[in-house]
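What follows draws every value from the coordinates through simple rules; no lab data is involved. Given the structure is predicted, the values throughout are model-derived calculations rather than measurements. Note that each Cβ is placed from the backbone with ideal geometry, even for glycine, and that neighbours are counted across all protein chains shown.
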Amino acid sequence: MTASGDVRLPEDAAELLEYCEVGESDRREMLAARPDEDPEWWVLVSALAGELERDLEKPLPADGHRAWPVVPESSTQVGMFAWAWVLLTGLPRLLEVHARRGVPEAVTRATVRALGGVMGSHREIYGRSGVGLMPLWGPPLRFRGADFEIGRHSFTRTEIGLGDGVSGHLLMVHVPPIGPLDAGVSEQSITAARQFFPQWYPDEPVTAFVCPSWLLDPQLAEYLPADSNILTFQRRFTILPLLPPSTPYEGDHELMRLALHLAPPDGGLTAEDLKRIPQDTTLQRAFVSHLSSGRHFHLRTGIRPFR
Ligand SMILES: CC(C)(COP(=O)(O)OP(=O)(O)OC[C@H]1O[C@@H](n2cnc3c(N)ncnc32)[C@H](O)[C@@H]1OP(=O)(O)O)[C@@H](O)C(=O)NCCC(=O)NCCS
């Protein structure tokens, strides 16, 4: 971004993409799909880049944050990579923020490699390069300095505000798709967060860890062994009561997309949809068996004290 507020794509884009662990073919395709040569996409990229800069270092607000919009399937490669360019445009400022707060280099690198990760998932789920068909919720938070990957988990600085003076800070815990959810490694990550956040953001005293996830659906205990990583992780949290989901299949879609890496249908899953789910693992079999009996999985929220 220039002093006049004009957005400019970084000159060292190729190096920055490598820093974000974007694979070679994705790097090549993205560099060949610059939005500053396409007036329509450029308007959108500039607007979103402005929003990213405006929100730099702000925690997740009490009323949440919306994923960036999914682009139409008919979009050109420029459209498919447009939001990745927005993230890259914010990277130099993010690196300054991390350095100023004393964030270790290993945490910074792990935090921004989400860009490479999301491109890999996009190819796997949609069979196309880019990031546009994926609802981007986490990556914008990482590139604006609200979310940090520390070991097994990433943590989002989150405000709570209930009005009338009820306010405070939480850390939202995420489980990125970077390998098994080993209990010991997960706890090391929690311990590191307890140490780091009070140093980096001393003006944001944290009350609790909170985790909204399909992983915390107690119904999974009907299918997975008690000593599975997922159920061990569940037991670390107090699960809050189930609130009515926005649609009955909200949790099914989330599990399908995030865990099974399959594109969910627009509405509920049909018998045909269920037939295309591989049946190699206990979770895949649980998914099909649960939905076949007319039930649904849910996103549940867990909470545990910060100390
Ligand atoms: C969270 C995650 C790391 C858990 O994996 P894990 O450590 O292997 O979990 P468990 O050991 O408890 O797995 C129990 C069973 O479910 C299977 N399973 C777990 N996650 C699976 C996945 N994403 N896809 C297919 N099967 C999976 C395991 O293979 C195992 O079955 P098996 O014994 O027949 O092989 C994994 O699901 C993952 O990477 N998910 C993507 C990220 C995600 O969904 N994060 C939460 C966002 S809210």
Taking the Cβ of LEU52 as the center, what net charge do the other residues with Cβ under 15 Å away carry, scoring Lys and Arg +1 and Asp and Glu -1?
0
Virtual paramagnetic centre 7 Å along Cα→Cβ of LEU9, amide N under 18 Å, in segment 77-103:
77-93
Based on the Cβ-Cβ distance from GLU40 to LEU260, what FRET efficiency comes out when R0 is 45 Å, to the nearest 0.05?
0.85
Measuring from label point to label point, each 7 Å out along Cα→Cβ, what is the VAL97 to GLU204 span in nm?
0.8 nm
For the chain, go through all pairs of different Cα atoms, get the mean of 1/r, take its inverse, and jot down that Kirkwood value in Å.
20.6 Å
For segment 1-147, fraction of C-alpha pairs farther apart than 20 Å, in %
44 percent
For the chain, with only Lys/Arg (+1) and Asp/Glu (-1) charged at the beta-carbon, what is the dipole magnitude about the Cα centre, in debye rounded to 20?
860 debye
Spin-label pair LEU240/GLU57, simplified geometry with 7 Å Cα→Cβ offset, distance in nm:
2.8 nm
For segment 151-307, count the residues as N, evaluate 2.2 N^0.38 Å, and divide the Cα radius of gyration by that value, please.
1.14
Neighbour-count ranking for ARG300, ARG257 (other C-beta within 10 angstrom, fewest to most) reads ARG257, ARG300
I want the local charge near ARG194. Using Cβ-Cβ distances under 15 Å, sum +1 for each Lys or Arg and -1 for each Asp or Glu among the other residues.
+3
Ranking of TRP42, TRP85, TRP68, TRP137 by count of other Cβ atoms within 10 Å, fewest first:
TRP137, TRP42, TRP68, TRP85
Exposure proxy order (Cβ contacts within 10 Å, fewest to most) of ARG276, ARG144, ARG28
ARG276, ARG28, ARG144
Could you tell me the calculated FRET efficiency between ARG285 and ARG123, based on Cβ-Cβ distance and R0 = 22 angstrom, to the nearest 0.05?
0.30
